[in-house]
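J.: First the structure, then my questions, so here it is.
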Amino acid sequence: MRSLILEGLTGTTAIELGFPFSSIREYCSGKRLAVITDSTVYRLHGDSFPEGQTAVLGSGEFSKNLGTVGEIYEFFLSQELDRSSCVVGIGGGVVCDIAGFCASTYLRGVPFGYVPTTFLAQVDASVGGKNGVNLKSYKNLIGTFNQPQFVLCDFKLLRTLPEKEVSNGFAEVIKHALIGNSSLFSQLEENHERIMSLDEDILEEIVNASLQVKIEVVSQDEKENGYRRILNFGHTIGHGVEKTLGLSHGESVSIGMVMEAGLSAMKGKLYPKTVGRIKGILENFGLSVKASLDKVALIDAIWKDKKREDDEIHCVLLEGIGSAKLDRIKIEELEELFDDLCEYC
Ligand SMILES: NC(=O)c1ccc[n+]([C@@H]2O[C@H](COP(=O)([O-])OP(=O)(O)OC[C@H]3O[C@@H](n4cnc5c(N)ncnc54)[C@H](O)[C@@H]3O)[C@@H](O)[C@H]2O)c1
């Protein structure tokens with residue numbers, strides 16, 4: 001077990017790695033608890049939930065909307081929640097994002113914490129204080145920045161997670177290694193089989209190193225006024241891939257990382273052979289590095305994404321493994337480079 005602390009402007013988060021989630025009561029002692037989860041997590045792990053009332057959402061992204069938020073507010077009302085209560089989201093990124101948003105806005109803010117149950121939520125979604133819901137087809141359009149009080153990562157919960165979902169989380173771990181920790185990258189390369197077998201000791205090391213990169217970035221720019229955009233490596237193109245091809249977030253970010261590493265190489269910032277190394281590690285963690293992309297649809301989706309400013313798009317370029325820099329690219333330039341970029345996938 002080890003602990004990390006994120007000191008944010010909106011609060012401090014205690015992140016506990018390898019903590020058995022059945023002892024969650026220690027974190028909320030004496031408080032009225034309202035638990036939010038989804039139907040899959042409740043079916044698989046509900047027996048170990050803390051005592052108290054639980055709101056069970058439909059599992060998956062389709063629940064992440066304002067309709068669900070309204071239902072959760074009704075649930076809080078029925079439970080007579082007040083500011084001395086505690087909301088706990090037990091689930092993947094969807095549950096964490098909704099639970100954090102509802103807790104942050106009900107009574108102008110009720111304390112909350114998470115037990116992330118997907119690998120993606122453990123290494124990314126539960127940490128950093130972004131929470132929110134989708135509006136129509138726009139992802140995370142409504143939300144707040146507000147830090148949870150605690151995040152308890154129990155790696156045993158991952159044993160019921162389908163392998164594809166585990167791989168999705170590794171896309172974000174690899175991203176953290178690429179933007180900020182070259183030795184994490186080497187460790188992932190050298191030990192991928194042991195890591196993919198979900199050996200808890202090595203997972204704890206990997207999650208610790210990965211979260212340290214995110215915490216370091218968030219501590220410098222909690223509300224994403226600039227530097228936090230570095231965490232979008234692979235996501236500028238990745239979100240376009242997700243929208244146009246309907247692939248999972250992890251698969252899309254994986255393809256996005258290959259193309260954005262390719263862009264870094266084309267701009268002379270990264271050795272072309274490093275792109276091959278990046279593709280190798282993504283494949284080892286079960287992620288896609290190839291896709292048949294529709295140029296017009298993809299450029300249109302990238303253009304409509306939140307990362308646009310005037311006629312430019314914010315992007316992240318790699319300067320080596322473990323080192324990245326913020327940049328901007330004009331949409332016309334991206335269009336011109338597109339065919340060459342596709343050579344990398
Ligand atoms: N707030 C942030 O900083 C941040 C960062 C990254 C992603 N996100 C958000 O996270 C969401 C994606 O998260 P996700 O990939 O965890 O999706 P998810 O929450 O939909 O979980 C994926 C699937 O796994 C199931 N599941 C969860 N835990 C399980 C377990 N232990 N065993 C078996 N099945 C389990 C869920 O029911 C669901 O079907 C997106 O909405 C994304 O926008 C937020």
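The values are calculated or read from the model by the stated rules, or taken from the named source; none is laboratory data. Here the structure is a predicted model, which is why all the values come from computation and not from measurement. Don't worry about glycine lacking a Cβ; one is built from the backbone with ideal geometry, like all the others, and counts go over all protein chains shown. Remember, those area values only see protein heavy atoms, side chains included, never the ligands or the DNA or RNA. Shrake-Rupley method; radii C 1.70, N 1.55, O 1.52, S 1.80 Å.
J.: Any idea which of Thr13, Thr54, Thr105, Thr40 is of a type outside the set (A, V, I, L, M, F, W, C) and either at positive phi or open to solvent by less than 30 Å² (accessible area, probe 1.4 Å) (or both)?
T.: Thr13
J.: May I pose another question? Would you check which residues across the stretch 120-135 are over 25 Å from Glu216 (Cβ atoms) and either within 10 Å of the ligand (Cβ to nearest atom) or out of contact with any strand residue (DSSP E or B) (no Cβ under 6 Å at 6 or more places or on another chain) (or both) and list them? If you could, list the steps in order and put the result at the bottom.
T.: Taking the stretch 120-135 as the starting set, the residues that turn out to be over 25 Å from Glu216 (Cβ atoms) are 133-135.
Val133, Asn134 - these are the residues of the stretch 120-135 that are over 25 Å from Glu216 (Cβ atoms) and either within 10 Å of the ligand (Cβ to nearest atom) or out of contact with any strand residue (DSSP E or B) (no Cβ under 6 Å at 6 or more places or on another chain) (or both).
J.: Of everything in the stretch 102-119, what is closer than 11 Å to Asp154 by Cα, in a loop (DSSP other than H, G, I, E, B) and out of contact with any strand residue (DSSP E or B) (no Cβ under 7 Å at 6 or more places or on another chain)? Give them in sequence order.
T.: Thr118
J.: Another question, if that's okay. Among the residues of the stretch 146-161, which ones are open to solvent by 70 Å² or more (accessible area, probe 1.4 Å) and within 12 Å of the ligand (Cβ to nearest atom)?
T.: Hits for the stretch 146-161 are Lys156, Arg159.
J.: Being within 12 Å of the ligand (Cβ to nearest atom) and either open to solvent by 10 Å² or more (accessible area, probe 1.4 Å) or at pLDDT 95 or above (or both) is true for just one of Val94, Val87. Which residue is that? Spell out the reasoning first.
T.: Numbers: Val87 fails: within 12 Å of the ligand (Cβ to nearest atom).
Going through Val94, Val87 in turn, just one is within 12 Å of the ligand (Cβ to nearest atom) and either open to solvent by 10 Å² or more (accessible area, probe 1.4 Å) or at pLDDT 95 or above (or both): Val94.
J.: To continue, here is another question. When the residues of the stretch 227-268 are narrowed to those that are at negative phi and in a loop (DSSP other than H, G, I, E, B), which ends up least open to solvent (accessible area, probe 1.4 Å)?
T.: Phe233
J.: Ok, one more. Has the stretch 177-198 got at least one residue that is within 24 Å of Ala55 (Cα to Cα) and within 13 Å of the ligand (Cβ to nearest atom)? Give the derivation first.
T.: Taking the stretch 177-198 first, the residues within 24 Å of Ala55 (Cα to Cα) are none.
Within the stretch 177-198 (the criterion being within 24 Å of Ala55 (Cα to Cα) and within 13 Å of the ligand (Cβ to nearest atom)), the answer is no, since none of the residues qualifies.
J.: I've got another one for you. Out of Leu57, Leu81, which single residue is assigned by TED's automatic domain parsing to the domain that holds Lys136 and within 12 Å of the ligand (Cβ to nearest atom)?
T.: Leu57
J.: Where in the stretch 1-67 are there strands (runs of 3 or more DSSP E), lying wholly inside it, with at least 3 residues that are in contact (Cβ under 8 Å) with a residue 60 or more places away in the chain?
T.: The qualifying strands (runs of 3 or more DSSP E) are 2-8, 11-17.
J.: To continue, here is another question. Let me confirm something: among Lys164, Lys175, which residue is of a type in the set (Lys, Arg) and either surrounded by 24 or more Cβ atoms within 10 Å (Cβ to Cβ) or assigned to a loop (DSSP other than H, G, I, E, B) (or both)?
T.: Answer to the check: Lys175.
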